[in-house]
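Asks: Sending over a structure as structure tokens; questions will come in a sec.
The values are calculated or read from the model by the stated rules, or taken from the named source; none is laboratory data. The structure presented is a predicted model; accordingly, all values stated were derived computationally and were not measured. Here the Cβ positions follow ideal geometry from the backbone for every residue, glycine too, while neighbour counts run over all protein chains shown. Accessible surface is based on the protein model in full, side chains and every heavy atom, while ligands, DNA and RNA are left aside. Shrake-Rupley method; radii C 1.70, N 1.55, O 1.52, S 1.80 Å.
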Amino acid sequence: MKYRREIDGLRAVAVVPVILFHAGISGFSGGFVGGDVFFVISGFLITGILLSDLAADRFSLVQFYERRARRILPALFTVMLVCLPFAWAWLVPRDLMDFAQSLVAVATFSSNILFWTESGYFDSATELKPLLHTWSLAVEEQFYILFPLYLMAAWRFGWRAIWIGSALILSLSFGLADWAARAHPSAAFYLLPTRAWELLVGSLCAVWMYQRGFPGTSPRVAEFASLFGLGLIVLAVVSFDGQTPFPGRHALVPTLGTALVLLFAPGTIVGSVLAIRPLVGIGLISYSAYLWHQPLFAFTRYQSLDHPSQGLMLALSVLVFPVAWLTWHYVEAPFRRPGGFGRWAIFGGATVALVGFAALGLVGHMQKGFDDRLVRSAQVPFGDVDHVEFHDYLNSKFSPCTPQDVFETALRWKEFLRCPQSHAEGPRTVALLGDAIAEHLFIGLADALPDQNVVGYVQNAMPLLGEKAFDRMLPRTATDPDISVVVLTMYFMGKVDVLVSMPELEPRLAETLEYQTAADKKVVLVAGLPTFPFDPYRCAFALHENRVGKCTMDASRARATEARWVKMLQRMAENRPRVEFIDLQSAVCGMDPRIAGCRRNACGTVDDPEQFANHWRLSLAAICCSDCRSVRRARKEGPGQVRAGARRGCWRQMTNQCRMPMI
């Protein structure tokens, strides 16, 4: 296939928005569509090469995969190799284990499947994964395992078979993607069946051009079509965001835009602009730039604990390109140069490297991120601030909830039941309803009220009437004569303006309160637990590196974040005599620093960094003097041996300030 400079320019148009999107630069909220542009370009170029080889009767699968190995693997291995010492030095055990798993996934071209199972592409946690971006390479390699075989078979039956077969697969893949973008967005984003159609858009462009040449249109039509295509790409970059259902019908915007540029750009103003030297230069190193940007951003974010400034991320975005040029010049080009390395040297070296990276990853996984590497030196007990340890403690110390019908439909995570009850026998007297926030209040509440039977009804939903997840629990608490107090809470930041707007929330909450108080229940509304900008798990290790300042947050920031719903909840409580409101901000950030872990006017972690955490939120029980060393011993000695006195005393100091003695 004849070299076209404007295609390298188009690569630059694809890679720059991707980098700026991952850097978090304003104005590039849809920069992720650069990956879709790459898919179309890849399908176009690879199909053109395959068709040329098939027409000349020189097609060879061995030669095809040799070209792919020369193109993809040397730079990829270089980036992976450079990541290893930084991952070893900086990643805490949990994250090093995740990194190790990604090494195995990259080496087996399945990283898209791994990241699909872990989280969504737009989740904040993905910003800290150094090899996240390899998902697109995995999609391409999976496609090119199957596509050459399909094209070989279809070639024997002529162009009609190629058109019909490709169009049919494209249509099925697009239909699946459009449905899954709404029903299963993470799977739609990462997996080959919902991405194949984008590569096939490029393939069909190549089939058209190989069979018929450039579309025979007037210069005006070509100018308009190429400009319109480039405009579609730009439109997607600036207008799409993480809430855009993708890659269904919305992905037609950048993919069809790319197709129009590929078909009509030669000889047009757009083609001339894309062919200018700076864009072509960026396009030539675009693959290396794509490989380097995510590890550079991820490790920077990881070391900062808080969010780096846009200025720093923009500077790193610029830094990506000289690093990419060095990689292109000294790694990519020598391996792609004819006569540099023989076929079997390429295959042999690639096999050794893939097996080596996979072996390293397996060892890292089996060693749980080499937890003794940092744990013993920093004396931080592995897991005491993580989900598994929290749920293990909750399930081992407390009983499953009752009655039976609620127990049978209770929420579960892995092997853990998320419906605890403080006493197995006796009537339930205090009901705690909500999401993970309620779950994390349960320990302190149960320990502070040993004479009460506290039950925690936890669901991934809002504890409001009309929510299907709580259609059993709310009537149960209202009709149960033994339950005298109902505590309602949830992660407001994650639900207000996401699941419900503020104007909708207030009447729905009012209806729920009236429903409970009409049944002679006291209702306690709880809100204001600060959401920290740092990960408490990583913070626990950072405390041993004299980086305590990175593990604090100004109290005014916490109050500003929670102010909208805190004021609304205060109003609702003031107008209802049987409703109380507890503002956890004043408890966490307004108490003695020795108790709450507050330093001056900053909300931070307690001096003992062993705390349970729920994503970016510390459990209140942990903040409130939760003696985690005793908890850890209790898991070995039995629940009856927990030294809860200090925790209860501290909890009562907090609940006195929060008016909880009404319970």
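Asks: Within the stretch 446-505, how many residues are under 13 Å from Asp435 (Cα atoms) and under 30 Å from the mean Cα position of the chain (by Cα)?
Replies: Count: 20.
Asks: If we keep just the residues of the stretch 214-263 that are in a loop (DSSP other than H, G, I, E, B) and β-branched (Val, Ile, Thr), which is farthest from Phe28 (Cα to Cα)?
Replies: Looking at the filtered set, the residue picked out is Thr217.
Asks: Continuing with this model, one more query. It is to be established whether one or more residues within the stretch 1-24 are under 26 Å from the mean Cα position of the chain (by Cα), at pLDDT 95 or above and closer than 19 Å to Met209 by Cα.
Replies: Scanning the stretch 1-24, I find no residue that is under 26 Å from the mean Cα position of the chain (by Cα), at pLDDT 95 or above and closer than 19 Å to Met209 by Cα, so the answer is no.
Asks: So, in the stretch 473-504, of the ones that are open to solvent by 20 Å² or more (accessible area, probe 1.4 Å) and of a type in the set (A, V, I, L, M, F, W, C), which residue ends up modelled with the lowest pLDDT?
Replies: Here the answer is Val498.
Asks: Which residue pairs have Cβ atoms under 7 Å apart, sit 6 or more places apart or on different chains, and have a first residue in the stretch 1-16 that is open to solvent by 50 Å² or more (accessible area, probe 1.4 Å) and a second that is in a helix (DSSP H, G or I)?
Replies: Qualifying pairs under 7 Å: Met1/Leu45; Met1/Gly48; Met1/Ile49; Met1/Ser52; Arg5/Val280.
Asks: Got at least one residue in the stretch 51-65 being open to solvent by less than 20 Å² (accessible area, probe 1.4 Å) and over 23 Å from Ile7 (Cβ atoms)?
Replies: no
Asks: Ok, one more. For residues in the stretch 78-132 being surrounded by fewer than 22 Cβ atoms within 10 Å (Cβ to Cβ) and aromatic (Phe, Trp, Tyr), which is nearest to Gly364 (Cα to Cα)?
Replies: Across the stretch 78-132, the extreme among qualifying residues is Trp88.
Asks: Give the number of residues within the stretch 441-483 that are farther than 22 Å from Lys567 by Cβ and in contact with a strand residue (DSSP E or B) (Cβ under 6 Å, 6 or more places away or on another chain). Give the steps one after another, and end with the answer.
Replies: Within the stretch 441-483, the subset farther than 22 Å from Lys567 by Cβ is 442-461, 465-483.
From the residues that got through so far, the ones that are in contact with a strand residue (DSSP E or B) (Cβ under 6 Å, 6 or more places away or on another chain) too are 442, 445-446, 452, 454-457, 473, 477, 483.
Qualifying residue count, the stretch 441-483: 11.
Asks: Hey, among Ala315, Ala350, Ala345, which residue is within 26 Å of the chain's Cα centre (by Cα), of a type in the set (Gly, Ala, Ser) and assigned to a helix (DSSP H, G or I)?
Replies: Ala315
Asks: Filter the stretch 371-412 down to the residues that are within 27 Å of the chain's Cα centre (by Cα) and modelled with pLDDT of 80 or more and list them by number.
Replies: Passing the criteria: His391, Asp392, Tyr393, Leu394, Ala410, Leu411, Arg412.
Asks: Hey, another quick one. Restricting to the stretch 264-277, name every residue that is part of a loop (DSSP other than H, G, I, E, B) and surrounded by fewer than 24 Cβ atoms within 10 Å (Cβ to Cβ).
Replies: Pro266, Gly267, Thr268, Ala275, Ile276, listed by residue number.
Asks: Ok, one more. Report yes if some residue within the stretch 217-228 is of a type in the set (Asp, Glu), more than 36 Å from the chain's Cα centre (by Cα) and open to solvent by 30 Å² or more (accessible area, probe 1.4 Å); otherwise report no.
Replies: Yes, the stretch 217-228 has at least one match.
Asks: Quick test of your reading of the structure: Val280 fulfils all but one of (1) out of contact with any Ser or Thr (no Cβ under 9 Å at 6 or more places or on another chain); (2) open to solvent by 60 Å² or more (accessible area, probe 1.4 Å); (3) not hydroxyl-bearing (Ser, Thr, Tyr). Name the failing condition by number.
Replies: (2)
Asks: If only one of Phe321, Phe347, Phe335 is at pLDDT 90 or above, farther than 24 Å from Asp8 by Cβ and open to solvent by 20 Å² or more (accessible area, probe 1.4 Å), which one is it?
Replies: Phe347
Asks: Further, regarding this structure: What are the residues in the stretch 454-472 that are open to solvent by less than 10 Å² (accessible area, probe 1.4 Å) and not small (Gly, Ala, Ser), if any?
Replies: Those that are open to solvent by less than 10 Å² (accessible area, probe 1.4 Å) and not small (Gly, Ala, Ser): Val454, Val455, Tyr457, Val458, Met462, Pro463, Leu464, Phe470.
Asks: Could you say whether any residue in the stretch 179-186 is open to solvent by 30 Å² or more (accessible area, probe 1.4 Å), at pLDDT 95 or above, out of contact with any His (no Cβ under 8 Å at 6 or more places or on another chain) and part of a helix (DSSP H, G or I)?
Replies: yes
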